[in-house]
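Everything below concerns the one structure shown next.
Read the figures in this text as sums done on the coordinates, not as results from a lab. Since we're looking at a predicted model, the values are computed, not measured. We place every Cβ from the backbone using ideal geometry, glycine too, and count neighbours over all the protein chains shown.
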Amino acid sequence: MQLWNTLNKEELEKHLREVGHKFITISFYQYAKIENPHLFRDHLFLMWSKLDVVGRTYVAHEGINAQIAVPTENLSQFREELYGIDFLNGVRLNFAVDDSEAEFPFLKLKIKVRDKILADGLEDTSFDVTNKGKHLNAQEFNELTEKEDTILIDFRNHYESEVGHFKGAILPDVDTFRESLPFIEETYLKGNEDKNIVMYCTGGVRCEKASAWFKHRGFQNVHQLEGGIIKYANDAKEQGIENKFIGKNFVFDERRGERISDDIIAVCHQCGDPADTHTNCVNDACHLLFIQCESCNEKMENCCSTECLETIHLPEEVQKELRKGIENSNRIFKKGRSNKLPFKHNPEKPLSLIELSIRENK
């Protein structure tokens, strides 16, 4: 059986419509020692292809990190087969809070072998990623974050926390997890070794490693939100407890976000009106990720700038010529950072001030 996808986007969409599956989006991770990641990767691909699973998964010697969508009719078999793998038996599955914002959360199954499931830039061989911080459920999280001697830190990137975050959280202006570890320690934790440190992320995989790292660095009172924002939002709703998350939870699939509260705490990067919908610039030479309101989306035709708008109306042959030799990685990976976005928030101005400004003008 072929162990990779060869269809283009249009063919993938046609296939998914033909099979007519209703998908449920699931994420999970597990840090564990995998002797042969390549062999394990192929095993997963064969197993999940038969169930029509789509999504993105990373496998490494240190474990697995998956963001996938499973046909609802195959969910029981998927869970049974997954739990049949020793180190994944009983692994927590985070189910999406809202699956309604995209026709297909993913188009294909993509499983990659990497050096690490989460790039961290750490070279300390004595670091034990399994010596993690204390997990907090939703109620425990709410209670501990109310205390004055608690530091609550968002361990996601700037473009994620911009559209949604927990009340009172520190929101580091970082682009990557690799960058966040030394920045957060130096900027926010140094000198606060005696305080409760509480961290959260989307589904828990970043906090799992971060909490273990800070314990390794000598911090004692390290805590993490179990299952991240996804599990918290589901548990808060099911248990009827206060939901302290405001706005949207950014997700790494075609939805790009799931609504947690009705608050809109961000602004359109083009006009400054309240908005929290991320889009990728449709220009194939750009694909910048930015926030765009419906009005600007219509006027700009999904483009981030007039330059890109003009480009997409050129003949395809001309566009291909213009793309040759262009280095686009800075636009793609510096998400939401571009001098073409006039209303992107100033990195020196806290989001809380923007938030207050928006509320005052409602």
Highest GNM mean-square fluctuation among Ser49, Ser27, Ser126, for the chain with Cα springs under 10 Å, belongs to Ser126
Taking every DSSP bridge whose two residues both lie in the chain, the antiparallel percent to the nearest 5 is 60 percent
The set of residues whose placed amide H lies less than 5 Å from the amide H of Val113, leaving out same-chain residues fewer than 5 positions away, is Val59
Simple SL model, points at 7 angstrom along Cα→Cβ for Arg92 and Lys33; separation in nm is 2.5 nm
From fewest to most C-beta neighbours within 10 Å, the residues Ile151, Ile291, Ile241 line up as Ile241, Ile151, Ile291
From the Cα centre of the stretch 207-236 to that of the stretch 145-185, the distance in Å is 12 Å
A correct Kirkwood calculation over the Cα atoms of the stretch 267-344 returns a hydrodynamic radius in Å of 12.6 Å
Of the residues Ile241, Ala210, Phe104, the Cα lying farthest along the dipole of the chain towards its positive end, which is defined by charges on the beta carbon of Lys, Arg, Asp and Glu, belongs to Ala210
Two pseudo-spin positions, 7 Å from Cα along C-beta at His43 and at His313, lie apart in nanometres by 5.6 nm
A student applying the Cα gyration tensor rule (rounded when a/c is under 1.5; otherwise prolate if a/b is larger than b/c, oblate if not) would label the stretch 138-233 rounded
With +1 at each Lys and Arg Cβ and -1 at each Asp and Glu Cβ, the charge dipole magnitude of the chain around its Cα centre, to the nearest 20 debye, comes out at 460 debye
About its Cα centre, the stretch 21-113 carries a charge dipole, from +1 on Lys and Arg Cβ atoms and -1 on Asp and Glu Cβ atoms, whose size in debye to the nearest 20 is 240 debye
Dipole check, the stretch 267-344, charges on Cβ (K,R +1; D,E -1), about Cα centroid: among Thr311, Cys296, Leu341 the Cα furthest to the positive pole belongs to Leu341
For the chain, the Cα gyration tensor yields equivalent-ellipsoid semi-axes (√(5λ), largest first, whole Å) of 31, 29, 20
Quick numbers on the stretch 21-113, Rg and Dmax over C-alpha atoms in Å, give 12.6, 38
Contour minus Cα-Cα span, Leu3 to Asp149, at 0.36 nm per residue, comes to 47.4 nm
Magnitude of the Cβ-charge dipole (Lys and Arg +1, Asp and Glu -1) of the stretch 267-344 about the Cα centre, nearest 20 debye, reported as 460 debye
The alpha-carbon center of the stretch 244-272 and that of the stretch 6-65 are separated, in whole Å, by 26 Å
